[in-house]
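Novice: Sharing a structure here in structure tokens format.
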Amino acid sequence: MSDNVQTSKPILERFRLDGRVALVTGGAMGIGFGYAEALGQAGAKVAIVDINKEFAHKACETLQAAGIEAMVVLADVTQPDQVKRMVQEVVDRWGRLDIGVNNAGIAHWHDSETLDYADWKRVVDLNLNAVFLCCQAEAQVMLKAGYGKIINTASMSGHIVNRPQNQAAYNATKAGVIHLTRSLAAEWASRGIRVNSISPGYTRTALVEQFISTPEGRELEKLWISLTPLGRMGLVSDLQGAVVYLASEASDFMTGSDLIIDGGYCCW
Ligand SMILES: NC(=O)c1ccc[n+]([C@@H]2O[C@H](COP(=O)([O-])OP(=O)(O)OC[C@H]3O[C@@H](n4cnc5c(N)ncnc54)[C@H](O)[C@@H]3O)[C@@H](O)[C@H]2O)c1
């Protein structure tokens, strides 16, 4: 759609992604896989980018079995050369890159006064530095095309401080992703790239299950649910509509925004 022209295209058609090419980092499982599936169902070709070879191939086969055109790119997104290769492999295969979903991330809980500096750096490297590297490599292709949609995974932890667990590195990186998103949005808006983020609340994935699978963890889960106005934890499927919206022309007047999807947790 050109600027300043009212579209008459029906609203659900504006959510379609036919002919678009997407990549999703951390796409082998959890939220990333949910994003890849949603983008594929909306019509995009999807590259699953992940460090986990076995899960990446399984995810790709699942998408292909559902009729989605998909490929695997094995990459550690904390490594600049691997990030450049990630984008190149997608462009070599499909000739373009329209949608970059920068989602791979880790959580780490530890009291700050004794947090090992190596652990701090590990979290910052994946949750923030790698998001920048991916945005940069994706933009180098998108700026030439004059079009692109970048969607970063932040977290409600970029807005609030979770309790009772101590996770300063995680919270700081997610706040960083939200402001990085705004900064890149402002920088690239006039050249056709929209940059937005999604901030999930507690969502049932392996990342969270590692903390709540013990008896103490189950008590924590009850506490989190009691602090969530909608009274449950999020599911990956709760996030799928948002990624399709941000990837599609339905959101063309939106950039630098963060969509919080947390069952209302941040409301109080
Ligand atoms: N689950 C939640 O409650 C929740 C809440 C808010 C935000 N998030 C964010 O959502 C994102 C995805 O979380 P999830 O719960 O699906 O996690 P997950 O652990 O289930 O999946 C993460 C994926 O990232 C991949 N990965 C890890 N390191 C990588 C690297 N260096 N290079 C490439 N891939 C790598 C893993 O192999 C895995 O497939 C993260 O950024 C996380 O911080 C999660």
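Novice: Which of the following residues is more than 27 Å from GLY176 (Cβ to Cβ), of a type in the set (D, E, K, R) and surrounded by fewer than 17 Cβ atoms within 10 Å (Cβ to Cβ): GLU37, GLU89, GLU54?
Specialist: GLU54
Novice: Now, a different point. Looking at (1) more than 16 Å from the ligand (Cβ to nearest atom); (2) hydrophobic (A, V, I, L, M, F, W, C); (3) touching a Lys or Arg at 6+ places or on another chain (Cβ under 8 Å), which is the only condition ALA66 fails?
Specialist: (3)
Novice: Taking only segment 132-160 into account, find how many residues are in a loop (DSSP other than H, G, I, E, B), among the aliphatic types (A, V, I, L, M) and out of contact with any Lys or Arg (no Cβ under 6 Å at 6 or more places or on another chain).
Specialist: Residues meeting the conditions: 1.
Novice: To continue, here is another question. Return the residue satisfying two criteria in turn: it lies in segment 69-108 and is away from the ligand (no atom under 16 Å from the Cβ) and in contact with a Leu (Cβ under 7 Å, 6 or more places away or on another chain), and of such residues it is farthest from ASP18 (Cα to Cα).
Specialist: Once the filter is applied, the top-ranked residue is VAL91.
Novice: Output the residues belonging to segment 161-204 that are surrounded by fewer than 19 Cβ atoms within 10 Å (Cβ to Cβ) and part of a loop (DSSP other than H, G, I, E, B).
Specialist: Result: VAL161, ARG163, PRO164, GLN165, ASN166, GLY192, ARG204.
Novice: The conditions are (1) within 16 Å of the ligand (Cβ to nearest atom); (2) within 17 Å of the chain's Cα centre (by Cα), and GLU54 fails exactly one of them. Which is it?
Specialist: It is condition (2) that GLU54 fails.
Novice: In addition: Looking at segment 234-249 only, could you name the residues that are within 13 Å of the ligand (Cβ to nearest atom), surrounded by fewer than 19 Cβ atoms within 10 Å (Cβ to Cβ) and more than 14 Å from the chain's Cα centre (by Cα)?
Specialist: The one that is within 13 Å of the ligand (Cβ to nearest atom), surrounded by fewer than 19 Cβ atoms within 10 Å (Cβ to Cβ) and more than 14 Å from the chain's Cα centre (by Cα): LEU235.
Novice: Okay, next question. Working only within segment 202-229, note down all residues that are aliphatic (A, V, I, L, M) and within 19 Å of TYR35 (Cβ to Cβ).
Specialist: Result: ALA206, LEU207, VAL208.
Novice: Might you check whether a residue that is charged (D, E, K, R), within 23 Å of SER237 (Cβ to Cβ) and away from the ligand (no atom under 15 Å from the Cβ) occurs anywhere in segment 43-50?
Specialist: As a first pass, look at segment 43-50 and keep what is charged (D, E, K, R): 45, 50.
This time we only want the ones that are within 23 Å of SER237 (Cβ to Cβ), so: 45, 50.
Next cut, away from the ligand (no atom under 15 Å from the Cβ) only: 45.
Yes, segment 43-50 contains at least one residue that is charged (D, E, K, R), within 23 Å of SER237 (Cβ to Cβ) and away from the ligand (no atom under 15 Å from the Cβ).
Okay, residues lined up against (1) hydroxyl-bearing (Ser, Thr, Tyr); (2) away from the ligand (no atom under 12 Å from the Cβ); (3) in contact with an Asp or Glu (Cβ under 7 Å, 6 or more places away or on another chain):
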{"site": "ASN171", "(1), (2), (3)": "no, no, no"}
{"site": "ARG182", "(1), (2), (3)": "no, yes, no"}
{"site": "SER197", "(1), (2), (3)": "yes, no, yes"}
{"site": "ARG204", "(1), (2), (3)": "no, no, no"}
{"site": "GLN210", "(1), (2), (3)": "no, no, no"}
{"site": "GLY217", "(1), (2), (3)": "no, yes, no"}
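Novice: A further question follows. What's the number of the condition ASP111 fails, among (1) within 12 Å of the ligand (Cβ to nearest atom); (2) out of contact with any Pro (no Cβ under 9 Å at 6 or more places or on another chain); (3) more than 25 Å from LEU74 (Cα to Cα)?
Specialist: For ASP111, the failing item is (1).
Novice: Within segment 250-258, identify whether any single residue is more than 16 Å from the ligand (Cβ to nearest atom), modelled with pLDDT of 95 or more and part of a helix (DSSP H, G or I), and answer yes or no.
Specialist: Going residue by residue through segment 250-258, those that are more than 16 Å from the ligand (Cβ to nearest atom) are 250-257.
When the remaining residues are screened for being modelled with pLDDT of 95 or more, the result is 250-257.
Subsequent filtering for residues that are part of a helix (DSSP H, G or I) retains 250-251.
Within segment 250-258, one or more residues are more than 16 Å from the ligand (Cβ to nearest atom), modelled with pLDDT of 95 or more and part of a helix (DSSP H, G or I).
The values are calculated or read from the model by the stated rules, or taken from the named source; none is laboratory data. What you are looking at is a predicted structure, and each value in this text was computed from that prediction instead of being measured. Cβ atoms come from the backbone with ideal geometry, glycine included; neighbour counts cover every protein chain shown.
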